[in-house]
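The values are calculated or read from the model by the stated rules, or taken from the named source; none is laboratory data. Keep in mind the model is a prediction, meaning the values are calculated, not measured. Neighbour counts are summed over all protein chains in view; Cβ atoms, including those assigned to glycine, are modelled from backbone coordinates with ideal geometry. These area figures cover heavy atoms from the full protein model, side chains too; ligands, DNA and RNA do not enter into them. Shrake-Rupley method; radii C 1.70, N 1.55, O 1.52, S 1.80 Å.
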Amino acid sequence: MQQSEPFYDVNRTYEDNYEQGPFGAFAEALQRDEEAVSAETPADSFLGVPVNLAFGIPAGPLLNSRFTTAAFRMGFDLATYKTVRSRAWGCNPFPNVLAVHPRSADGSLTPGSPELDEGVLADTNYERPISISNSFGVPSQDPDLWQPDMFRAIAAAGPGQLLVPGFQGSRVEGMTEEEYIADHATTARLVKETGAKVMVMNTSCPNEGHNVLLCHNPLLVGRIAEAVKNEIGDTPLMVKLAYIPDDAALELMVRSTVGRGTVQGFSTINTISARLVDAEGRQALPGKGRDRSGVCGHAIRGAGLDMVSRLAAIREKSGLDFAINGVGGVVTPDDFAAYKRAGADSVMSATGAMWDADLARKIKASL
């Protein structure tokens, strides 16, 4: 029986979730005494760090140390602390999450399909298998708040568990490209100061302007990764990617980063951008610049698997060694297995885990 109350409450604002969450089974896990964990030797690894099972939750729904601690207690051995910035950054207006209903019989969205521009129905009817909008704008607390909280989150990991901090640079008006690169490096240094063992750099949200993604500029990502690596030294760095349809561009991304020794892995995919409409065909999410939103959950599973298999093929062909973290539409143990078959070294689930707090336990039981 799947959990009916998601640990991130989509009917409350981001700010209320940050202050009052998590909810449902995650809240119950926090109220219990810390569970005794068997001292087995971790059988898996993530970016070279031993873990029990390389499965967890990616950047997004784990807003602070309460959320990440609850995730650990529910058996998710990888918990990604929601993407942080070098400065406080506000959230998009409420609502941020709506249920998304693609037209296809299997509920999937295909990158490049006309439906993404024509409009996909979005409402508050949350049906399984679940697909949702992700329209937050990558909010962040000030480092004075998130640094000590991230330190607590790292300390709360149990045996064979790992806190994975997410971060990104912030482009503000009038900023030069060099200043933008430097802001990524500054944020990475702030993350390293918390004692992080690994980190993930987000290049896959529309933070370059309306629906413009940093990961679509592999050469700039390469320059940023070099600046970040100069700050974090030996700390393993993973880059979070959106769907990249062109094989040549994806190979250029690998060669501009892994090929230069600055990046140790890729996490993919984030979301697929779609125009979201209500039943009357009007813009579903209120506000200027919100006619489109990233869609995540079941609808993007096929695209996520495609990116992972293509990255695995590039890894094989190039002889370059890098980890692949498969994300997108993982809602069942079978989805986890499909990502592993496609070449993923680790797997994460955001939407699936939000609606099924027992997902990690189910996957472990299936192995």
All strands (runs of 3 or more DSSP E) inside region 224-325 with 2 or more residues being more than 19 Å from the chain's Cα centre (by Cα), hydrophobic (A, V, I, L, M, F, W, C) and modelled with pLDDT of 95 or more: 272-277
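Which members of region 326-361 meet the condition of being hydrophobic (A, V, I, L, M, F, W, C), within 18 Å of residue 127 (Cβ to Cβ) and not in a helix (DSSP H, G or I)?
Applying the first criterion (hydrophobic (A, V, I, L, M, F, W, C)) to region 326-361 yields 327, 330-331, 336-338, 342, 344, 347-348, 350, 353-355, 357, 359-360.
Narrowing further to those that are within 18 Å of residue 127 (Cβ to Cβ): 330-331, 350, 353-355, 359.
Passing the criteria: 330, 331, 350.
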Residue within region 190-198 that is open to solvent by less than 10 Å² (accessible area, probe 1.4 Å), in contact (Cβ under 8 Å) with a residue 60 or more places away in the chain and not in a loop (DSSP other than H, G, I, E, B) present: yes
Pair list, Cβ under 7 Å, 6 or more apart: region 328-357 residue without any contact (Cβ under 8 Å) to a residue 40 or more places away in the chain, other residue among the polar types (S, T, N, Q): 330/349; 333/366; 342/309; 343/309; 344/325
Hits in region 108-157 - residues which are assigned to a loop (DSSP other than H, G, I, E, B) and open to solvent by 40 Å² or more (accessible area, probe 1.4 Å): 110, 111, 112, 114, 124, 125, 126, 127, 128, 129, 141, 142
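Take the conditions in contact with a Leu (Cβ under 8 Å, 6 or more places away or on another chain), open to solvent by 50 Å² or more (accessible area, probe 1.4 Å) and modelled with pLDDT under 95 and apply them to residue 36. Does it pass? Outline the logic, then answer.
On the way: in contact with a Leu (Cβ under 8 Å, 6 or more places away or on another chain): no; open to solvent by 50 Å² or more (accessible area, probe 1.4 Å): yes; modelled with pLDDT under 95: yes.
When the stated conditions are applied, residue 36 does not pass them.
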Residue 149, sole failed condition from (1) under 23 Å from residue 83 (Cβ atoms); (2) without any contact (Cβ under 8 Å) to a residue 12 or more places away in the chain; (3) not hydrophobic (A, V, I, L, M, F, W, C): (2)
Region 320-347 - residue that is hydroxyl-bearing (Ser, Thr, Tyr) and touching a strand residue (DSSP E or B) at 6+ places or on another chain (Cβ under 6 Å) and, of those, nearest to residue 240 (Cα to Cα): 346
Scan of region 65-107 for residues that are in a loop (DSSP other than H, G, I, E, B), within 26 Å of residue 336 (Cβ to Cβ) and of a type outside the set (A, V, I, L, M, F, W, C), ordered by number: 75, 77, 102, 104, 106, 107
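Name the one entry in 311, 320 that is touching a residue at least 60 places away in the same chain (Cβ under 8 Å), touching a helix residue (DSSP H, G or I) at 6+ places or on another chain (Cβ under 8 Å), farther than 17 Å from residue 273 by Cβ and open to solvent by 40 Å² or more (accessible area, probe 1.4 Å). Break it down into steps so the answer makes sense when it comes.
Working: 311 fails: open to solvent by 40 Å² or more (accessible area, probe 1.4 Å).
That would be 320, the only listed residue that is touching a residue at least 60 places away in the same chain (Cβ under 8 Å), touching a helix residue (DSSP H, G or I) at 6+ places or on another chain (Cβ under 8 Å), farther than 17 Å from residue 273 by Cβ and open to solvent by 40 Å² or more (accessible area, probe 1.4 Å).
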Filter result for residue 53 (open to solvent by 10 Å² or more (accessible area, probe 1.4 Å), among the aliphatic types (A, V, I, L, M) and not in a loop (DSSP other than H, G, I, E, B)): no
Qualifying residue in region 204-219 (condition: among the polar types (S, T, N, Q), modelled with pLDDT under 95 and under 22 Å from residue 79 (Cα atoms)): yes
Selected residue [out of contact with any helix residue (DSSP H, G or I) (no Cβ under 7 Å at 6 or more places or on another chain), hydroxyl-bearing (Ser, Thr, Tyr) and without any contact (Cβ under 8 Å) to a residue 12 or more places away in the chain] from 83, 41: 41
Pair list, Cβ < 8 Å and 6+ apart or interchain, from region 282-295 residues that are open to solvent by 40 Å² or more (accessible area, probe 1.4 Å) to residues that are at pLDDT below 95 and charged (D, E, K, R): 283/290; 283/291
Selection count where residues are touching a Pro at 6+ places or on another chain (Cβ under 8 Å) and polar (S, T, N, Q), scope region 93-114: 1
